[in-house]
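Let me begin by presenting the structure, written as structure tokens, before commenting on it.
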Amino acid sequence: MRKLLIALTMGLCAMALQPASAAAAEKGSAAEATALVKKAVAFIKANGRDKAFAEFNSPTGQFKDRDLYIFVQDNKGTTLAHGGNPRLVGKNTTELKDAEGVYFIKKMIEVASAKGNGWVDYKWLDPVSKNIEQKSTYVEKYEDLVVGCGIYK
């Protein structure tokens with residue numbers, strides 16, 4: 001009887017841990033976000049902006065993977081493509097602030113302009129959990145563009 005109780009307890013513990021690991025697997029990693037940005041820059045170079053931006057905006061395109069998607073802004077903050085929210089295309093988003101009042105779009109443009117690439121941290125609403133969470137976005141400069149992809153930490 002004791003062995004059965006131990007086996008049942010271990011099984012319940014394993015089941016309780018399973019959703020957390022499954023949820024983690026559904027989120028993209030920093031390495032995957034970086035690779036997706038590099039792939040997007042190569043796609044722009046090979047196919048031109050119009051074709052690339054259409055592909056980035058496609059909800060079923062090759063630049064959408066779980067919670068990962070590509071966005072592109074010009075160096076003044078106008079959104080040219082956004083795989084997560086196409087309603088932002090054509091809008092200047094430099095005045096967007098995160099949950100703590102940080103102008104994170106301005107920071108992305110600054111990092112891309114000054115360093116060529118890098119990470120920007122901010123707090124943003126996770127559409128899955130509906131909670132404000134720590135987010136980090138990798139950005140890369142290409143010509144007058146800032147190409148990015150973010151992850152929830």
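Only a single item in (1) touching a residue at least 12 places away in the same chain (Cβ under 8 Å); (2) surrounded by fewer than 19 Cβ atoms within 10 Å (Cβ to Cβ) is not met by C149, and it is number (2).
Selection of the stretch 132-153 for residues being among the acidic types (D, E) and outside any strand (DSSP E or B) yields E143, D144.
Taken over the stretch 84-102, the residue count meeting the criterion of being in a loop (DSSP other than H, G, I, E, B) and either among the hydrophobic types (A, V, I, L, M, F, W, C) or within 13 Å of T137 (Cβ to Cβ) (or both) is 7. A residue that is hydroxyl-bearing (S, T, Y) and closer than 20 Å to G28 by Cβ occurs somewhere in the stretch 62-78. Considering each residue of the stretch 104-113 in turn, none proves to be at pLDDT below 95, surrounded by fewer than 17 Cβ atoms within 10 Å (Cβ to Cβ) and of a type in the set (D, E). In a residue-by-residue description of the stretch 118-128, the property of being at pLDDT 95 or above, among the aromatic types (F, W, Y) and closer than 25 Å to S58 by Cα applies to at least one position.
The values are calculated or read from the model by the stated rules, or taken from the named source; none is laboratory data. All figures in this text were calculated on a predicted structure; none of them were measured in a lab. For neighbour counting, all protein chains shown are included, and Cβ atoms are generated from backbone atoms with ideal geometry for every residue, glycine included.
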